[in-house]
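**Student:** Structure below; questions to follow.
Each value in this text was obtained by applying a stated rule to the coordinates, not by laboratory testing. Owing to the predicted nature of the structure, the values given are computational and were not obtained by experimental measurement. Please note: Cβ atoms are built from the backbone with ideal geometry, for glycine as well, and neighbour counts cover all protein chains shown.
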Amino acid sequence: MEYLNLGKISLLIGFILIIIGFWGILSQKNIIKIIVSFTILDTGINILIVSLGYIKGRTAPIIDASVPQLADHNVLNSIVDPVPQALVLTAIVIGFGVTALLLAYAMKLFKAKRTLEINQFNDLKW
Amino acid sequence: MVSPIYIVAAALGVGFAIGVLGKLGKNFSGILTLLTLGFMTYVSSEWLYAFYFGDQVSTYVFTAGYKPPISINLLMGPQEAFMSTLINVIGLLGGIYLFFNFGRKGRNAFVVYLVFIMSLNVVIMTRDLFNLFVFLEISSIATAGLILIEKGNRAVGAGFKYIIATSIISSILLIGTIFAYFYTGSLNIDDLVKSDLTTTTGGLIAVFLILIAAILEMKPFPANGWGLDVYEGSHQGFSAVVSAATATASYFMLYKLLDIAGNSWDHYIAVIGAVTFIGANLLGVKQKFARRLLAYSSIGQLGLLMLILGLRTYLGDNLNYVVFGILLTNLLAKTGFFWLVGIVKAKTLKEWAIIRRKPFFLFLMGTFVFALIGFPPFPSFFAKWTFVMDLAANGGFVWIAVILTGSFLEAIYYFRWFGYAVKADDNYNFSFNVRWHKITPIILLTALLYIIGYLTAQHTELGRMINFIPLFFVLILFALDFLPVFIKNTIAIIGMGIYFYFIYPSLSDLKLLFEVIFMIGGILTLIAGYAYKGKRSGFYPVAILMYAGLTGLIEANTTLQFFFGWELMTAGSYFLIIRGKRSMPHALSYMLFSVAGAYAILAGISIANIGQLTTSLSIFNNIQYFPQWAYGLLLFGFLTKTASVGIHIWLPGAHGEAESDVSPMVSAILLKAGVYGVILALIGMSKSQYDLSSLTYILGWVGALTVLFGNISAVFQEDAKRLLAYSSIGQLGYIVFAFAIMTQLGWLTGFTYVINHFMYKAVLFLTIGAVVLRVGTHNMYEMGGLIKRMPLAFVAVLIGITSLSGVPPLSGFTGKWLFYNAVIEKGWYFQGVIVFLSGGVAFLYLFRLIQTIFLGQLKDNHRNVKEISIWFLIPIYTLLAGLMVFSARPQWVLQPLGDMIANYMPQNSIRWDGAYAYTAIGHWTGSGVMMTIGSVFLIVFLILKLSTRKAHKIKQFDIVYSGERPDRPDTTHVAYNMYAGFYKAVWPLTVPLAERFWNWMTELVHEAAGFTRRIYSGNGQAYMLHIVLYIIVLFFITIGSSI
Amino acid sequence: MIRNFLIGLVLASFVYIFYNLYVSYEPKTELTGIAAHYAEQGAKEVGAANLVTAVVVTYRGFDTMGEVTILFLTASIIGFFLKLNKKDEKKVIIHKGTSELLVTSAQLLVPIIFLFGVYVFINGHLTPGGGFQGGAIIASGIALLIMANPNKEINHHAILWIESISGIMFVIIGLLGIALAGGFLDNRFISLGTFGDLFSAGAIPLIYSFIGLKVGAEISNILNKYQKSQKES
């Protein structure tokens, strides 16, 4: 399969993970499982980001021995896109922050009602 | 100029430092936080000042020293400065409000709050898509944290729902962002706007994902359960900040991002906004809890903002003016409201009755309610006006209907709530305490609301011409509210007198006539106020507010001034009406019909305004497009005030339950405002180049039927004041009918009725009101024989009903005579007969009025009542004198009026010769009739007197003659159910069809709301499902077909 | 039932949306837009061999500040969310001892992990890695410590001081960028040095070190809070 290059494969994996994440978020009743689904969703998105920066046959965006330093413009033709890699770093950190907070919430919710079923927490409605 | 980057640097620097410095104490951290917020406010407001009062140009701030798109940049322009100043001001005040709440949670809470406000600033300023995402996440996380300053599981639940919902939204935004970057090679929003992203399928989807995320941040109905829970579940101090500051940031984010899609999304945004605005407000109607109600209202306002944004092509350059007006009002008033809820702590709306234990709080609440509904002088009034005018000018009639419907729904629940606060039973044993740091921010907001309202008016071409002097007088009376009645009454009367003296020379004809009714009538009815003791707190400001509105109507030269006056008058009269003991439901229905009427007027004016070069009131005379609609809407609006049949149901309760001196104000005087409007519309129609006779024909029927139903209903009232109220409906029907005839004679009839009704209805309401004050009941069968105790009142009522009934010799007959001439000349025989027969019905209730109250047997408990108060007698007899003059010398008034009418109705079918009036049908003279009738009366009187010399007085216990059982007079009293026989004949006409119809409508709205709100099941997972469903539905609606 | 149907509908629709995205995706063959600029000019402008670091710390340094803020925020929120009342604070929970293996390896590994973390963030501008990675590594050392000695209290104050000071330093360095160079977070107020050296790329190693310390401290802080929250009754 000539046109199924690495970028496409990882893109596909990213999408699949996102779908799985959404499935978990929407159908799991246990709050911890929902949180895990969120991390799967985040991971999917992160893979998506990185794969969109991928260019076939190129190296990491670090100018060292692996980049033939003939001239400056050569860097242009030998590395993958550095921007998505920077963005994914931010996305990961944000995901970490949100997950940490969600877990703290889960602890408090459990303390409140001694259950982690999400449909038990509907005090506010209508 | 301090660079806006210092907003970020200061907040973060201080935030990080508090980690260590916080050891010095919680209060230290708090004060440091407030100082930083103060600094942030200073920076943004300095820019704002420079933009609006200097010649500052928009400035980019480059981070890392590189130009965009290489590096992230921030933009500080006029809009950004405005928005971030708003956010910072609210942030600062919120920090003060929540100072001790944060303190209880430790220094970290201050840090989170500081970072929260900072992140919203960046969301406003940044021009980088990914940076926007990052700071949006910061604000979401901070929100999820700050929700927790409220104790209890509800807050935890709300926070959890909020964080999972926003996580989904930000995931969608992130996917969109990364694909947008992939296709354009840039993350700069300006680059994305310039790029041709939407030409490729992938780019199209990326734009969709970005925009849907921005839309979801605006909490669109129905995918907003999480948003509602945050408003309801978190501490109200913080809900206020979310409602104000986060909403501002979300709006601006959508505003920025919308350009990426060009104009192609405007329509969708408008529809989404409309659905949200109406949906949220509809559900608000059913809501019983204060917190949740405010949540619905906040979401409704977000919907309105989206609606405005979506309709930006209609608004053109006025977009920002409208947005700023709505946003400012919403921000200040809603924030204040949330904070008020935080202080008062009453859960259900009914429990809000406790707020009036501290009248100042009631004042604050009233201010917020009227600001949110868009009453003058608040900025939203001007914004709404401009919005509707611009929409009409560009043909957006459907949108006008949407906006007015949503606003109306909002008015329903706010005024119901306010009604509870003013009037519901307060028998709760909990109270509320006020601490300075909680109330100070609210007072500041309120002051800002008034000041900005005034400044908004001064900065618009239209508003600058509005006369604020009467309003300042209202404010002065507010400040003097602590004084006793006697002094305040004197001040009010003198103020109105002076005002009238100065305004008098500038008026003539129509304006003069109505100004005399409003002002002289106002002074006369105020005189009755001397009869009251104590402080009568709150009465004078609102009474003068109504008169300020009324005189504003007269002085108005432009449509905006007219509408301004109309709304002030409505507000003032609402407060007057709700003062009555059992007035709560009646004041609400009065207000709702008034608001609906005002919106009809607004819509009518907006249509009239199309294609006009001037904003003067003269555009009514020259409506160029859709004249039937424009005049129809205007007339409908005015008819809500004259209480025509079908939309009359508010009047009996409102007038009947009002205080004794308020009834004449709202009946004899206020109803004339509607008449004035009708006349203005009809003048316009008379000059119109279009054939509008079908409209006047309908109006004529409306008038005729109103007379019939009003009079018949009046007959069966046991309550004297309600009887007079129904009578008013009938009398106003006469007036409308007469004007609808659209001939010189018809109008002359109309004016005669206007003047007559003003005088005799004021006399009757004042007298009956004064009697009620003495005997302590409204029920006529509980009175009787009062002629012996209060002969002066009897004479007043006798003259009043004689005049009303239209029998010679008083001025009522003048009206009748003109009326028959006009009807015959016009050829409206059928309607004429209905009105004629209704006149006969009037005798029934008028007879009852005098017979059951003043004749018959005096009740035991009334043996010692005194004559009605001198302070009522003075205005009553002054008006009677006027009535007599008008009866004897009608030509003094009618001749100039006839000449004036000739300007519009040039038939010239009446000719005056001294005291004689000639028409094609015959002639008549006022003084002549008076003398004739006087002579006949005298002769008959003498004959009877001579022929009945043997007659003797009936004693009370002479049952054979008096026909009353003294032990239970109310059941066998002839006055009780007096016209039972007549009722059998006409009962089909007394079926309260209009009441049933409106009840059915109310029921329908409540059922719809009750059914719809079930989607808010409280389950966080369901809310996430709503969000993703919303996304895919919108996907298939918007771009699904084009890929 | 309806619910499952709706979930299925949603997922199917997402599949449809992603399918469209996938089909319209053409793998890149060239660097375009800002990426091209970074590749061509990055080394010259910023002086960092690791272009990702150049982007993270300088070009998009403002984002990174936001990132750090998010961690800081999370730590602060968890700080007051999981705050114990006075009674619980004093409570002592004795955990069962952990395995000998864990305790021993922790003693051996933790210093090395710390050292490695420091190495990663100091060399962030040259090699793969940086402040976040280094910080996370350091925090993983703390996590190991906690697991090995669950009864031991971590020195809360030290973490706090590191977190606070490094945060302030980050902001100050950012401001120095305005004062001495082109703008907020500009790294060029320190000479760029020789390309590829440890002390090169202007302020980047400095910034990344503070980020590393701060991230490490914050994550440790969160871990600490979680551990303590077990005492809540």
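**Student:** For chain B, rounded, prolate or oblate, judged on the Cα gyration tensor with a ≥ b ≥ c (square roots of eigenvalues), a/c < 1.5 rounded, else prolate if a/b > b/c?
**Tutor:** Numbers: a/c = 2.41, a/b = 1.93, b/c = 1.25.
Prolate shape, in that a/c is at least 1.5 and a/b is the bigger ratio.
**Student:** Return the loop-located GluC sites (Glu not before Pro) in segment C:1-52 (DSSP other than H, G, I, E, B) with at most 16 other Cβ atoms within 10 Å of their own Cβ; answer none if there are none.
**Tutor:** C:E30
**Student:** Using amide H atoms built 1.01 Å from N in the peptide plane, name the residues 5+ places from B:D128, or on other chains, whose amide H lies under 5 Å from its own.
**Tutor:** Correct list: B:N73, B:I189.
**Student:** Here's something else I'd like to know. How do the peptides B:572-582, C:213-223 rank, highest first, by the average count of neighbouring beta carbon atoms within 10 Å per residue? Walk me through the intermediate numbers first.
**Tutor:** Details: B:572-582: 22.3, C:213-223: 26.5.
Ranking the peptides B:572-582, C:213-223 by packing returns C:213-223, B:572-582.
**Student:** Taking each residue in C:174-181, count the Cβ atoms of any other chain within 10 Å of its Cβ, then average. What number comes out? Provide the component values of the computation, followed by the final result.
**Tutor:** Details: counts 7, 5, 0, 4, 7, 0, 0, 2.
Average per residue, whole number: 3.
**Student:** Which net charge results when you count Lys and Arg as +1 and Asp and Glu as -1 among the other residues whose beta-carbon is under 10 Å from that of B:P69? Intermediate values should be presented prior to the final figure.
**Tutor:** On the way: positive: B:K67, B:R127; negative: B:D128, B:D190, B:D191.
Within the 10 Å Cβ shell, the charges total -1.
**Student:** Now, a different point. Express the relative contact order of segment B:443-533 as a whole percentage, based on alpha carbon pairs under 8 Å and six or more residues apart in sequence.
**Tutor:** Details: 29 pairs, mean separation 27.1, N = 91.
Averaging sequence separation for qualifying contacts and normalising by length gives 30 percent for segment B:443-533.
**Student:** Still on this structure: Once the Cα gyration tensor of segment B:882-932 is found, what semi-axes does its equivalent ellipsoid get, as square roots of 5 times the eigenvalues, in whole Å, sorted largest first?
**Tutor:** Rounded to whole Å, the semi-axes are 21, 14, 7.
**Student:** Still on this structure, please answer the following. Tell me which residues come under 5 Å, amide H to amide H, from A:I79 once H is placed; ignore anything under 5 positions away on its chain.
**Tutor:** A:T59
**Student:** With label points built 7 Å along Cα→Cβ from the Cα atoms of C:E153 and A:R114, find their separation and express it in nm.
**Tutor:** 3.1 nm
**Student:** Taking 0.36 nm per residue of sequence separation and subtracting the Cα-Cα distance, how much length would be gained by fully extending the chain between B:N621 and B:T199, in nm to one decimal? Show your work: numbers first, answer last.
**Tutor:** On the way: separation 422, 0.36 × 422 = 151.92 nm, distance 5.06 nm.
So the chain would gain 146.9 nm between B:N621 and B:T199.
**Student:** While we're here: Among the lysines, which fall within straight-line cross-link reach of B:K511, defined as a Cα-Cα distance under 23 Å, with same-chain neighbours fewer than 8 residues apart omitted?
**Tutor:** Within reach: B:K641, B:K672, B:K687, B:K761.
**Student:** Which lysines, if any, have their Cα less than 17 Å from the Cα of A:K113, not counting same-chain residues under 8 positions apart?
**Tutor:** A:K29, B:K151, B:K161
**Student:** Let me ask something else. How charged is the neighbourhood of B:A295? Take every other residue with its Cβ under 11 Å from the Cβ of B:A295, and add Lys/Arg as +1 and Asp/Glu as -1. Don't jump to the answer; show the numbers that get you there.
**Tutor:** Values: positive: B:K219, B:R291, B:R292, B:K334; negative: B:D229, B:E232.
Around B:A295, the surrounding residues sum to +2.
**Student:** How long is the gain from B:S1041 to B:A447 if the chain were fully straight, where each residue apart is worth 0.36 nm and the alpha carbon distance is subtracted?
**Tutor:** On the way: separation 594, 0.36 × 594 = 213.84 nm, distance 5.15 nm.
That works out to 208.7 nm of additional length.
**Student:** Could you work out the relative contact order of chain B? I mean the mean sequence separation of Cα pairs under 8 Å and 6+ apart, divided by the number of residues, in percent. If you can, show how the numbers build up before the last one.
**Tutor:** On the way: 1679 pairs, mean separation 89.0, N = 1043.
Relative contact order of chain B: 9 percent.
**Student:** Let me ask something additional. When a/c is below 1.5 the answer is rounded, else prolate if a/b is larger than b/c, else oblate, so apply that to segment B:218-259 with a ≥ b ≥ c taken from the square roots of the Cα gyration tensor eigenvalues.
**Tutor:** On the way: a/c = 4.80, a/b = 1.53, b/c = 3.13.
Judged from the Cα gyration tensor, segment B:218-259 comes out oblate (a/c at least 1.5, b/c at or above a/b).
**Student:** Follow-up. Taking each residue of B:144-155 in turn, how many C-beta atoms of other protein chains fall within 10 Å of its C-beta, and what is the average? Don't skip to the answer; put the middle values down first.
**Tutor:** Numbers: counts 9, 10, 2, 2, 6, 1, 0, 0, 2, 8, 4, 3.
Mean partner-chain Cβ count within 10 Å for B:144-155: 4.
**Student:** If you don't mind, another one. Above 45 Å lies some portion of the pair distances; for the protein assembly as shown, what is it as a whole percent of all C-alpha pairs? Don't skip to the answer; put the middle values down first.
**Tutor:** Values: 479713 of 982101 pairs.
Roughly 49 percent, rounded to a whole number.
**Student:** Step through the residues of segment B:856-864 one at a time and calculate ³J(HN,Hα) from phi using the Karplus curve (6.51 cos²θ - 1.76 cosθ + 1.60, θ = phi - 60°), rounding each to whole Hz and writing x for Gly and Pro.
**Tutor:** x, 8, 5, 6, 3, 6, 9, 5, 10
**Student:** Show the residues, 5+ positions off or on another chain, whose built amide H is closer than 5 Å to the amide H of C:N50.
**Tutor:** Here the answer is A:I63, C:L126, since their amide H atoms fall under 5 Å of that of C:N50.
**Student:** If you project the alpha carbons of segment B:209-300 onto their three principal axes, what span does each projection cover, largest first, in Å?
**Tutor:** Taking the Cα atoms of segment B:209-300, the three principal extents are 41, 25, 17 Å.
**Student:** Residues in segment B:146-164, backbone N under 13 Å from the label point at B:K345 (7 Å along the Cα-to-beta-carbon vector): list them, ranges by number please.
**Tutor:** Only B:151 fall inside the zone, counting backbone N under 13 Å.
**Student:** In addition: Let me know the shape class of segment B:814-885, please: from the alpha-carbon gyration tensor, a ≥ b ≥ c as square roots of the eigenvalues, rounded when a/c is under 1.5, otherwise prolate if a/b is greater than b/c, or oblate.
**Tutor:** Oblate is the answer for segment B:814-885, as a/c is 1.5 or above yet b/c matches or exceeds a/b.
**Student:** Remind me, relative contact order of chain A in percent, using alpha carbon pairs under 8 angstrom and six or more residues apart? Working shown, then result.
**Tutor:** Working: 133 pairs, mean separation 33.0, N = 126.
Over chain A, the number comes to 26 percent.
**Student:** As a test of the formula, what do you get for chain B when each DSSP H run with n ≥ 4 contributes -39,500 (n - 2.57) and the sum is divided by the residue count, at 222 nm and rounded to the nearest 500 deg cm²/dmol? Numbers along the way, then the final one.
**Tutor:** On the way: 44 runs with 735 residues, N = 1043.
Per the formula, -23500 deg cm²/dmol.
**Student:** Then there's this: Between B:I31 and B:F289, what is the FRET efficiency for a Förster distance of 30 Å, r being their Cβ-Cβ separation, to the nearest 0.05? Don't jump to the answer; show the numbers that get you there.
**Tutor:** Working: r = 35 Å, r/R0 = 1.17.
Using R0 = 30 Å, I get an efficiency of 0.30.
**Student:** What ³J(HN,Hα) values, in whole Hz, does the Karplus curve 6.51 cos²θ - 1.76 cosθ + 1.60 give for segment B:907-924 when θ = phi - 60°, with x put for Gly and Pro?
**Tutor:** For segment B:907-924, the Karplus-derived couplings read 6, 6, 9, 10, 10, 9, 9, x, 7, 9, 10, 10, 10, 5, 8, x, 9, 6 Hz, x marking Gly and Pro.
**Student:** In nm, give the distance between the simple-model label positions of A:Q28 and B:L837, each being 7 Å from the Cα along the Cα-to-Cβ direction.
**Tutor:** Spacing of the two 7 Å Cα→Cβ label points: 7.8 nm.
**Student:** Please give the residues of segment B:549-570, grouped as numeric ranges, whose backbone N is less than 17 Å from a label point set 7 Å along the Cα-to-Cβ vector of B:K511.
**Tutor:** B:549-566
**Student:** When the C-alpha atoms of segment B:136-260 are aligned to their principal axes, what extent does each axis show, in angstrom, from largest down?
**Tutor:** So the extents along the principal axes, rounded to whole Å, are 50, 24, 21.
**Student:** While we're here: Take the alpha-carbon positions of segment B:350-423, form their convex hull, and give its projected area averaged over all directions (one quarter of the hull surface) in nm². Walk me through the numbers before you get to the answer.
**Tutor:** Details: hull surface 20.0 nm².
Averaging across all directions leaves 5.0 nm² for the Cα convex hull.
**Student:** Compute the orientation-averaged projected area for segment B:719-850 from the convex hull of its Cα atoms and round it to one decimal in nm².
**Tutor:** Details: hull surface 29.4 nm².
The orientation-averaged projected area of the Cα hull of segment B:719-850 comes to 7.3 nm².
**Student:** Output ³J(HN,Hα) for segment C:215-228: one whole-Hz value per residue in order, computed from phi by the Karplus curve 6.51 cos²θ - 1.76 cosθ + 1.60 with θ = phi - 60°, and x for Gly and Pro.
**Tutor:** For segment C:215-228, the Karplus curve yields 4, x, 5, 5, 5, 4, 4, 4, 4, 4, 4, 4, 4, 5 Hz.
**Student:** Sort B:466-474, B:66-74, B:529-537 by the packing proxy (mean of other Cβ within 10 Å over each peptide's residues), most packed first. Before the final figure, lay out each step's value.
**Tutor:** Working: B:466-474: 18.3, B:66-74: 22.9, B:529-537: 15.9.
Answer by packing, highest mean first, reads B:66-74, B:466-474, B:529-537.
**Student:** Evaluate the distance, in nm, between pseudo-label points positioned 7 Å from the Cα of B:I698 and of C:E100 along their respective Cα→Cβ axes.
**Tutor:** For B:I698 paired with C:E100, the spin-label model returns 9.8 nm.
**Student:** How long are the semi-axes of the ellipsoid equivalent to segment B:269-422, from square roots of 5 times the Cα gyration tensor eigenvalues, in whole Å, largest first?
**Tutor:** Values: eigenvalues 164, 47, 27 Å².
Semi-axis lengths for segment B:269-422 are 29, 15, 12 Å.
**Student:** Please compute the average number of Cβ atoms from other chains found within 10 Å of each residue's Cβ in peptide B:201-212. All intermediate terms of the calculation are to be shown ahead of the outcome.
**Tutor:** Details: counts 5, 7, 1, 3, 5, 2, 0, 1, 2, 0, 0, 0.
Counting other chains' Cβ atoms within 10 Å and averaging over B:201-212 gives 2.
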